[in-house]
Amino acid sequence: MDKRFNSFFNLTEDQAIALLDTPQDQIGEEDSRYIAASHLINFSSDKAIAALIRAIQQTDDALDNRIVRRKSVETLGRLQATQSLPIIRECLADSDCFLTENAVWAIGEIGTNDTGILEEIAQLLDKPSQSYRVIIQTLAKLDYQPALERIRKFTNNTDLPLASAAITAVCRLTRDYADMEKVVDLLHNASVIARRLSVQDLIDAKYYAAIPNISTCPVSLVFRLRGVRMLAEDGLNEGAIAFSDVEPYLEKSLRDHPNDLILVHSYDTLPALSFLLRELYETDFGRCYLAIKTILDNYADVAPDALFGTYAEEAHNDYGAHFHVMKLFGWLKYAPAYDLLIEALHNKQPQFQKSRAAAAIALAEIGDVRAIPEIKACLTTQIWDLKYASLLALEKFGDRSGYELLSEDSDLLIREKANSKKNQN
């Protein structure tokens, strides 16, 4: 699990426990029990788990306390704290539907074959105002066959993410995956939420045939790459696929060029460049990719100056737009962006991490050989996408030294890539 974002809070374990144990009405303005419950993910000790359980047992109905209870249940799930199952089970009957949702999810993370608990979860499918998607996912994950027909009734729901989860669950429970193509179709739906969540459903189903389709899905690189990577790792470990079946789609996803995606939005008329630059800040990356493609196709000559402008005004502090601007400098092969790209390559602020891999790819597109040692320095990183992107960038420069270095890497896909290239020498 990627733990780069876990330790933002300058608290010891004992301080976090003491804060979590403080009654909500005695919390100072500078303190937060929610932060304490979040921070305890870093400690799997019995005393940390006991503190989280005590927090759940504080049943004051104030909103702040309800939020702390929800977070405590989530943290126990992430810690896979088996001893917390009885108290989490009690939350299934709570009137707070968000607490119930977290309890269902946490039970799925911890795991159980207790049919009593599983039936209580299944009965939530008949209770109004619940998060049925999480309930369905958990029942499928824990292979609770008696829930099959209750889940099946959601497969034609107008809520696309709910229908997607139900179709996936029915396929998993029946071991008949013929209907998974309906989930694959959602990868190119106009709804960004449907697109994102269908990727997760394909991962859950271990539906390896969807890897090429996921690589063309116009969502954030984070979602797309996670889908391809997780399916690739599972498929390779199970011997169901070979690295050569995955490699082109994995690398197409990492390069992240809009021409490799199936775009779901369009423009009736050519927009102004100023409009397209604003689109780089959209949360629906399908719109961002359409804007990028339109800039490359129609404004390549004037775009670089405009990109420097939007970077200075806002993109330097907006991690989504920052990522797109870095990539665009590469696709435009704009050499004066070299220093900015080197800065992005080595930017260690957590929110800008995906821009580092984008910068490596962009530097290779520009082709300035000064970047080779800078990119080589990234081969020792623990950040997976940066390491893989650095291999691709160096390969474009004609430098194959990284393959020998990473032939015994701890990551399966890095290792497969390195050895596939080493064996070609």
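Only the coordinates and a few stated rules stand behind these numbers; no lab work does. Predicted model only: the values in this text are computed from it and were never measured. Virtual Cβ from ideal backbone geometry, glycine too; neighbours counted across all protein chains shown.
Values as computed for the structure displayed
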quantity: From phi via Karplus (6.51, -1.76, 1.60), per-residue ³J(HN,Hα) for segment 307-314 in Hz, x at Gly/Pro; calculated: 5, 4, x, 5, 5, 5, 6, 8
quantity: Taking Asp256, Asp185, Asp409 and counting other C-beta atoms within 10 Å, the order from fewest to most; calculated: Asp185, Asp409, Asp256
quantity: Surface/4 of the Cα convex hull for segment 151-293, nm²; calculated: 9.0 nm²
quantity: Karplus (6.51, -1.76, 1.60) ³J(HN,Hα), θ = phi - 60°, over segment 235-245, in Hz, Gly and Pro reported as x; calculated: x, 5, 5, 8, x, 7, 9, 9, 4, 5, 6
quantity: Full-extension gain in nm, Ala300 to Gln382, via 0.36 nm per residue minus C-alpha separation; calculated: 26.0 nm
quantity: More than 32 Å apart - percent of Cα-Cα pairs taken over the chain; calculated: 47 percent
quantity: Cα pair distances in segment 273-422, grouped into 5 Å bins until the bin that holds the longest one, percent each; calculated: 2, 10, 20, 20, 18, 14, 9, 5, 2, 0
quantity: Pair His346, Arg54: separation of 7 Å Cα→Cβ label points (nm); calculated: 4.7 nm
quantity: GNM result for the chain, Cα springs below 10 Å: residue of Thr168, Thr112, Thr294 fluctuating most strongly; calculated: Thr112
quantity: Hz values of 3J(HN,Hα) by residue in segment 363-376 - Karplus curve (6.51, -1.76, 1.60), Gly and Pro given as x; calculated: 4, 5, 5, 5, x, 6, 5, 4, 6, 4, x, 5, 6, 4
quantity: Contour excess over end-to-end distance, with Cα ends at Thr269 and Thr158 and 0.36 nm allotted per residue; calculated: 36.8 nm
quantity: Candidates per trypsin sites (Lys or Arg not before Pro) in segment 196-270, loop by DSSP, up to 16 other Cβ within 10 Å; calculated: Lys206
quantity: Label zone at Gln145 (point 7 Å along Cα-to-Cβ), backbone N below 12 Å, segment 164-185; calculated: 173-175
quantity: Shape of segment 1-92, Cα gyration tensor, a/c cut at 1.5; calculated: oblate
